[in-house]
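Engineer: Below are the C-alpha cells for one structure; questions will follow.
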C-alpha cells in the first residue's frame, strides 16, 4: 500500500456545495478531474492526470477499505464510503465518495468518482473505526455495540420497569415480578420483529451496496440496521 508522507494534523475543510469529480482507467490512473478536485487536493491538473489515484491516499486509511472497494468495483458494482485524503502539502480532507464503474460495449473501461464533504459526525465515527482496523481490531468495540443496542431497547425497557414498579406498589411484589417478566417477553419479541423487518429491507435490494463496516461509519446503529439505512 502506498504511504504518502509527510502529513500534518491540519484539515482542509471545503464548501459543502463542492463536488470533487475524477475519472480513472481500470487500473485507477486518473484520466480527468474537475477544478474543485484540483483546488482541494492542492495538486495541479498536470500533476494529477496520468497518476494513480492513490497519489492522494492518506496513511490513516486502512488498506482493507480500499481492498473491499476494488473488489466491489471490479465486480461491476458501485461503492460508497468515507475517505480521508491527503493534500499535496500534507494536510487532509474528508469526503463521502460514490464510485461507479464506467462501461463501454458491456465491458468496464474505468471508474468515475464523485465526492462531497463528509459531515463532522461521519468523520468522527469513521476515524474511530479506521483506527481500530489499522490496529487489526474489530471495527466497532463491544462497548460501542452495547451502547447502540441499549439506545435501541431502552425505551421499551424503561416502560417495562415503570410498569413493574407500579404493579408492585399497587398489587404486591409478585404482580411486579409478573409485569417485569412480561416486559422482557415484549422486548424480546419487539427485537425479533425489528430484526426481521430490517433484514427484509436488505433482502428487497440484494444488489444494493450494504457493507457493514462502511454502513457503521455513516450510522451509529446495530450493524444490520446501519446496512439497511445505507
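The values are calculated or read from the model by the stated rules, or taken from the named source; none is laboratory data. Please read all numbers here as calculations on a predicted model, not as lab measurements. Here the Cβ positions follow ideal geometry from the backbone for every residue, glycine too, while neighbour counts run over all protein chains shown.
Engineer: Examine the range 138-160 for a residue that is crowded, with 16+ Cβ neighbours inside 10 Å and at pLDDT 65 or above, and state whether such a residue exists.
Structural biologist: yes
Engineer: So for the range 73-83 (the condition being more than 20 Å from the chain's Cα centre (by Cα), surrounded by 15 or more Cβ atoms within 10 Å (Cβ to Cβ) and touching a residue at least 12 places away in the same chain (Cβ under 8 Å)), does at least one residue qualify?
Structural biologist: no
Engineer: Examine the range 9-28 for a residue that is without any contact (Cβ under 8 Å) to a residue 40 or more places away in the chain, in contact with a helix residue (DSSP H, G or I) (Cβ under 6 Å, 6 or more places away or on another chain) and more than 22 Å from residue 122 (Cα to Cα), and state whether such a residue exists.
Structural biologist: Our first condition is that a residue be without any contact (Cβ under 8 Å) to a residue 40 or more places away in the chain; within the range 9-28, this holds for 9, 17, 27.
Restricting the remaining residues to those that are in contact with a helix residue (DSSP H, G or I) (Cβ under 6 Å, 6 or more places away or on another chain) gives none.
Scanning the range 9-28, I find no residue that is without any contact (Cβ under 8 Å) to a residue 40 or more places away in the chain, in contact with a helix residue (DSSP H, G or I) (Cβ under 6 Å, 6 or more places away or on another chain) and more than 22 Å from residue 122 (Cα to Cα), so the answer is no.
Engineer: Kindly establish whether residue 93 is crowded, with 19+ Cβ neighbours inside 10 Å, at pLDDT 95 or above and part of a loop (DSSP other than H, G, I, E, B).
Structural biologist: no
Engineer: Can you pull out every residue in the range 58-72 that is loosely packed, with under 14 Cβ neighbours inside 10 Å and farther than 20 Å from residue 4 by Cα?
Structural biologist: The one that is loosely packed, with under 14 Cβ neighbours inside 10 Å and farther than 20 Å from residue 4 by Cα: 71.
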